[in-house]
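The values are calculated or read from the model by the stated rules, or taken from the named source; none is laboratory data. Please read these numbers as outputs of a predicted model, since none were measured by experiment. Cβ placement follows ideal geometry from the backbone for every residue including glycine, while neighbour counts extend to all protein chains displayed. Just so you know, the surface numbers come from the protein's heavy atoms only, side chains and all, with ligands and any DNA or RNA stripped out. Shrake-Rupley method; radii C 1.70, N 1.55, O 1.52, S 1.80 Å.
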Amino acid sequence: VSPTTSWTYAELAEKVNRIANVLVDDFGLKPGNRVLLRFPNTPMMTAVYFAVLKAGGVVVATMPLLRAKELAVITDKAELSLAICDHRLSDEMELTRKRTDRLEQILYSGGEGDDTLEARMERASSEFTACDTAADDVCLLGFTSGTTGEPKATMHFHRDMLAICDCYSREVLRPLESDVFIGSPPLAFTFGLGGLVLFPFRAGATAILLEKAGPDELLAAIPKMRPTVVFTAPTAYRAILA
């Protein structure tokens, strides 16, 4: 759920399949290829995320606040040739293309035209057979912030995505299908990915995604959308309590 969108699991699954077909048929994605994602926290980012995984690709998610200088370093280190980006974040994406020779293709989500992700999805099949990946295949490269130098890529396997759900979430959070999750961390952070996507999805619960989720926005959304689980940082809780 977002302020403008509400998808069931079946609707999400269909969109994931369509995007996976676009990646494979239109962009030639092969298992193990890395794909850069640049989105705010939106349902579409979630669908793209799972589509890359289902097609056997490796997600390299980046925060909207990053600029071309940082994005170019990540692009070169991860050897990225394809990026999928919200059209509202196109400026820095195009500057990134100029800073590196690796980025060959950028697919934009939103906007108008026949080349947008959504237009391509309409032409794609809603059926897709998941790539036969192994439990210890890399599915996510999570880059560090680079505060001690250049960012470093941390590798996460497919089994890691389930391990955090079946260990921490199931045993500590213990979510139910009736639970509703909300929070502030970007999905590009593994904290945000777990707390706002993986944990609720594994339990069949509901995830609320806010593009802007500072303390003021989060505080306003809680009584309106009535979540039962909140993920944010200690500094945000202090601001909310005030």
Dipole moment magnitude, nearest 20 debye, the stretch 49-91 about Cα centre, only Lys, Arg, Asp, Glu C-beta charged: 80 debye
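Hey, got the dipole for the chain? About the Cα centre, +1 on K and R Cβ, -1 on D and E Cβ, debye to the nearest 20?
600 debye
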Those GluC sites (Glu not before Pro) from the stretch 173-242 that are DSSP loop and have at most 10 other Cβ neighbours within 10 Å turn out to be 177
Can you tell me the convex hull volume per residue for the stretch 47-91, based on C-alpha atoms, in Å³ to the nearest whole number? 80 Å³
Which is farthest toward the positive dipole end of the chain among 96, 119, 23, measuring Cα position about the Cα centre, with Cβ charges +1 (Lys, Arg) and -1 (Asp, Glu)? 96
Counting only C-alpha contacts under 8 Å and six or more residues apart, can you give the relative contact order of the chain as a whole percent? 19 percent
Using only Cα atoms and rounding to the nearest 10 degrees, what angle (0 to 90) does helix 90-99 make with the longest principal axis of the chain? 50 degrees
Residue 157 versus residue 76: modelled label distance in nm, points set 7 Å from Cα along the beta carbon direction: 3.2 nm
Please go through the residue pairs 77/98; 30/54; 69/152; 15/98; 30/77 and name each one whose alpha carbons sit more than 23 Å apart in this structure. 15/98
Expected max-MSF residue from 184, 109, 90 in the GNM of the chain (alpha carbon, under 10 Å) is 90
Among 126, 6, what's the order by accessible area (1.4 angstrom probe), most exposed first? 6, 126
Ignoring ligands, DNA and RNA, what percent of the accessible area of the stretch 121-223 is carbon or sulfur (1.4 Å)? 55 percent
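State in Å² the accessible area per residue of the chain; use a 1.4 Å probe, count heavy atoms of protein chains only, and round to the nearest integer. If you can, show how the numbers build up before the last one.
Details: 12450 Å² over 242 residues.
Accessible area per residue, the chain: 51 Å².
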Heavy atoms only, probe 1.4 Å: what % of the accessible area of the stretch 1-81 goes to carbon and sulfur, would you let me know? 55 percent
For the full complex of protein chains and a 1.4 angstrom probe, list 167, 85, 131 by accessible area with the highest value first. 167, 131, 85
Does the stretch 107-242 come out rounded, prolate or oblate by the C-alpha gyration tensor, with a ≥ b ≥ c the root eigenvalues, rounded set by a/c under 1.5 and, if not, prolate when a/b is larger than b/c and oblate if not? rounded
Determine the calculated [θ] at 222 nm for the chain from helices alone, applying -39500 (n - 2.57) to every DSSP H run no shorter than 4 residues and normalising by the residue count; nearest 500 deg cm²/dmol. -10000 deg cm²/dmol
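Just the number, please: percent antiparallel of the DSSP beta bridges in the stretch 100-242, rounded to the nearest 5.
50 percent
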If each of residue 145 and residue 189 carries a label point 7 Å out from its Cα toward its Cβ, how far apart are those two points in nm? 0.9 nm
If you take every DSSP beta bridge fully contained in the chain, what fraction is antiparallel? Give it as a percent rounded to 5. 20 percent
Mind putting a number on the dipole of the stretch 98-242 about its Cα centre? Charges go on the C-beta only, +1 for Lys and Arg and -1 for Asp and Glu, and I need it in Debye to the nearest 20. 620 debye
Can you compute the modelled spin-label distance between residue 172 and residue 9, with each label point 7 Å from Cα toward Cβ, in nm? 2.4 nm
